[in-house]
1. Among the numbered criteria (1) in contact with a helix residue (DSSP H, G or I) (Cβ under 6 Å, 6 or more places away or on another chain); (2) surrounded by 17 or more Cβ atoms within 10 Å (Cβ to Cβ), which single criterion is violated by residue 300?
2. What about residue 200, is it assigned to a helix (DSSP H, G or I), closer than 30 Å to residue 217 by Cα and under 20 Å from the mean Cα position of the chain (by Cα)?
3. What single numbered condition from (1) surrounded by fewer than 19 Cβ atoms within 10 Å (Cβ to Cβ); (2) more than 22 Å from residue 94 (Cα to Cα) fails to hold for residue 284?
4. Being farther than 30 Å from residue 9 by Cα and either at pLDDT 90 or above or not assigned by TED's automatic domain parsing to the domain that holds residue 60 (or both) narrows it down to one residue among 157, 248, 209; which is it?
5. Taking the conditions exactly as written (on the phi < 0 side of the Ramachandran plot, exposed (fewer than 13 other Cβ atoms within 10 Å of the Cβ) and part of a helix (DSSP H, G or I)), does residue 68 satisfy them or not?
6. Residue under question is residue 85, and the condition is that it be in contact (Cβ under 8 Å) with a residue 60 or more places away in the chain and either loosely packed, with under 15 Cβ neighbours inside 10 Å or out of contact with any helix residue (DSSP H, G or I) (no Cβ under 8 Å at 6 or more places or on another chain) (or both); does it hold?
7. So is residue 203 within 20 Å of residue 367 (Cβ to Cβ), loosely packed, with under 13 Cβ neighbours inside 10 Å and in contact with a helix residue (DSSP H, G or I) (Cβ under 6 Å, 6 or more places away or on another chain) or not?
8. Which one of these does residue 275 not meet: (1) buried (at least 19 other Cβ atoms within 10 Å of the Cβ); (2) modelled with pLDDT of 95 or more; (3) farther than 24 Å from residue 74 by Cα?
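The values are calculated or read from the model by the stated rules, or taken from the named source; none is laboratory data. Everything numeric in this text was worked out from a predicted model, so none of it was measured. Neighbour counts are summed over all protein chains in view; Cβ atoms, including those assigned to glycine, are modelled from backbone coordinates with ideal geometry.
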């Protein structure tokens, strides 16, 4: 009786959520390698050949070049890579990169606009079921969230149903290995069992972390398990730290050039890979009342673990504060891990490949599940 009840729970959950699960799986596969796709699209404009024995122009000089050549481009951020064969990037609200050769001042536009638009549309379907309008995005988010819960329920009930009634190796073997010759119904049943059990650990991670991302109570859970107060922000803002206090500068103090601010950060973190600098497109920098926050990237698979915000005194170049991933609370680290385990990015490209294969396996489960249900109800 218990097995029959669990079966009908499994079947009802699958029929009501299967289509949305398939959409989330397809779009998840599409956006898993977003960073790599955009980098590949811009590969020809992002790479440069540094002249021998040449020094890069100052950041102020590069700003002046962009203002002169692109007066309508109101950039507010700059990325400086450590690799001398990579171009610098001016950005507008973290997007629309403009590449500039730091040695010659030559400018090149991004070539990833189309790829970016496609990936953005896939992301809207993955997060909001395509309902990205001002009045509809919340509906799509709730539908996807409910289907993520249903997916997690399918994983749990599916494991129970997969277990053979008798603990015999022959029965386990039938549920673990694909069979070459099978009629359509037996084939679908075999595929559903085999793809389900081999992908189960990864699907549990994908569905479980999706629940953490989808719901406020899910977001709160990692913090509460560590006895911490959850952050109000559920986005990247949850990693924000209270700013350091800027010492009162002398009356005649001048702002240091950006290159000197970067130099102190390079000296403190010699393994740096990239440094991001918020800035204004205006030719004159206003007097600073707060430290300038540099966004340092260090070698690591996971983006948020590689990211270290460094606050620098804009008048002296002194590092006032920096926050590494390991310095953050256990609850916040767990919450960030949930975000990157969901995409596989927590383990770099190998993790993304595993997440992609698990998502592909979920499509097989949706197809075979619907096929088996159709035959059951037809008969």
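1. Status for residue 300: all satisfied but (2).
2. On the way: assigned to a helix (DSSP H, G or I): yes; closer than 30 Å to residue 217 by Cα: yes; under 20 Å from the mean Cα position of the chain (by Cα): no.
Spelling it out, it is not the case that residue 200 is assigned to a helix (DSSP H, G or I), closer than 30 Å to residue 217 by Cα and under 20 Å from the mean Cα position of the chain (by Cα).
3. Single failed check for residue 284: (2).
4. Sole residue among the options that is farther than 30 Å from residue 9 by Cα and either at pLDDT 90 or above or not assigned by TED's automatic domain parsing to the domain that holds residue 60 (or both): 248.
5. yes
6. Numbers: in contact (Cβ under 8 Å) with a residue 60 or more places away in the chain: no; either loosely packed, with under 15 Cβ neighbours inside 10 Å or out of contact with any helix residue (DSSP H, G or I) (no Cβ under 8 Å at 6 or more places or on another chain) (or both): yes.
It is false that residue 85 is in contact (Cβ under 8 Å) with a residue 60 or more places away in the chain and either loosely packed, with under 15 Cβ neighbours inside 10 Å or out of contact with any helix residue (DSSP H, G or I) (no Cβ under 8 Å at 6 or more places or on another chain) (or both).
7. Values: within 20 Å of residue 367 (Cβ to Cβ): yes; loosely packed, with under 13 Cβ neighbours inside 10 Å: no; in contact with a helix residue (DSSP H, G or I) (Cβ under 6 Å, 6 or more places away or on another chain): yes.
The answer is no for residue 203.
8. (3)
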